[in-house]
1. How high is the relative contact order of region 2-169, in percent, counting Cα pairs under 8 Å that sit 6 or more residues apart?
2. Quick check: convex hull of the Cα atoms in the chain, volume per residue, rounded to a whole Å³?
3. Run the helix sum for the chain: -39,500 (n - 2.57) per DSSP H stretch of 4+ residues, divided by residue count, reported at 222 nm to the nearest 500 deg cm²/dmol.
4. Can you give the Kirkwood hydrodynamic radius for region 3-89, in Å, rounded to one decimal and based on Cα pairs?
5. Measure up Lys66/Lys108; Lys31/Lys153; Lys31/Lys66; Lys15/Lys134; Lys48/Lys94; Lys66/Lys86 against 28 Å on the Cα-Cα distance and list the ones that go over.
6. Along the charge dipole of the chain, which of Gln95, Tyr132, Leu8 sits closest to the positive end, that is, farthest toward it, with unit charges on the beta carbon of Lys, Arg, Asp and Glu (+1, +1, -1, -1)?
7. Identify which of Gln42, Gln95, Gln143 has the largest mean-square fluctuation in a Gaussian network model of the chain, with springs joining Cα atoms closer than 10 Å.
8. Please order Lys131, Lys48 by the number of other Cβ within 10 Å, starting at the fewest.
Amino acid sequence: MFLLTAKLSQFDYDKDLVEQQWEFATNELGKLQIHYDTILNQNLALLKVKPEEYAPRFARETDAEKRYQFLTEIRKTASALIADRKAADVKTWKQPIYYELMDVQSLKIRFGEITFEIRGIMSKYDELIAKYHKDPEIGLKVQELEVKLNALKDTFDAAFEPTEYVNSATRMYLVN
């Protein structure tokens with residue numbers, strides 16, 4: 001009984017080390033969400049799109065055609081905004097737009113970095129499971145956790161590709 005308690009205590013300690021990394025990633029995602037909301041609201045205001053219009057027509061819209069229509073409307077508005085700014089100030093019209101674009105690009109890069117960190121945390125769980133996998137006292141329960149972790153990793157990998165977020169962010173704007 002003492003041996004089992006000691007093993008569980010060591011497992012719990014090792015697990016808590018990984019959990020601390022999860023807390024950090026969760027906090028970083030929270031900060032990124034706040035930054036995203038700020039930039040989104042600035043850009044919507046710049047395009048004179050009300051957030052209460054954006055949410056149902058894009059963020060919560062499930063019909064791809066309707067989402068595409070809304071994006072097309074926004075593209076036309078953005079194009080008109082650029083044309084107006086270019087006509088008003090031929091020399092420096094690009095600078096404010098550049099900063100807006102870089103804000104969006106930095107969000108995408110940071111999200112890619114955080115998802116990469118999350119993938120690393122999942123690898124730490126793999127190491128933890130490998131360490132206790134064959135233990136006679138807790139090995140069978142750890143093996144059950146391995147199945148759940150593999151399902152989580154499969155779902156995560158299907159939804160997020162960290163390097164793709166970072167790579168695509170560097171190619172997201174045409175430069176003339």
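Each value in this text was obtained by applying a stated rule to the coordinates, not by laboratory testing. Everything quoted here is computed from the prediction, not taken from an experiment. Glycine gets a Cβ as well: all are built from the backbone with ideal geometry, and neighbour counts include every protein chain shown.
1. Computed value for region 2-169: 31 percent relative contact order.
2. Measuring per residue, one finds 143 Å³ for the Cα hull of the chain.
3. On the way: 6 runs with 142 residues, N = 176.
Rounded to the nearest 500, the figure is -28500 deg cm²/dmol.
4. After inverting the pairwise mean of 1/r, the radius is 16.9 Å.
5. Lys31/Lys66; Lys66/Lys86
6. The Cα lying farthest towards the positive end belongs to Gln95.
7. Gln95
8. Taking fewest neighbouring Cβ atoms as first place, the list is Lys48, Lys131.
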